[in-house]
Amino acid sequence: MINKITVIIIFIAVALFIVLACSSTKELFKGKIANQYDRIHINSSGANSGLWKTKELSVNYTYSSLSDHFNLTGFILISEYITNTYSKIRNLFVRVSFLDNNGKVISTNNINPLYSVNSNPPRKIKFNSNLSIPVEAYAFCFSYSG
């Protein structure tokens, strides 16, 4: 039988792991250089829209950028390449990385709602993120894992 101290130690270890995993997202790709073709220049005049697409998924997005805030909304479409290949998705993380004028990653944020279930993948995942934008941000790019 497991005693109370063992249960407490396991709980603290798991909680610490979760906190560290979540807090390290901003540093995930820091210093890496984004592919030139994936960089999206930040335009600060009004709302701007676009589509970023790979064979696995596409991100239909609209953003507006103020001096210190970046509002990013839209939806993620999972392609038939994924839905025909995998019957279930365990997790999906879609991220936005802010880049300096040389394409170097300054910070990274998750943008999609937590999707971590072993189920049939949805065709469309909506997101709405209000992020702090680094002062030196010149562009952004998307990335994903799952």
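The values are calculated or read from the model by the stated rules, or taken from the named source; none is laboratory data. The structure displayed is predicted, hence computed values, not measured ones. Surface areas here come from the heavy atoms of the whole protein model, side chains and all, with no ligands, DNA or RNA. Shrake-Rupley method; radii C 1.70, N 1.55, O 1.52, S 1.80 Å.
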- Divide the volume of the convex hull of the Cα atoms of the stretch 38-146 by its number of residues and quote the answer in cubic angstrom per residue. 87 Å³
- Residues meeting the amide H criterion for Leu92 (H placed from the backbone, H to H distance under 5 Å, 5 or more places apart or on another chain) are Tyr115
- Over the stretch 32-114, what percent of the accessible surface lies on carbon and sulfur atoms, probe 1.4 Å? 48 percent
- So what is the accessible area of the stretch 59-105 per residue, in Å², with the probe set to 1.4 Å? 50 Å²
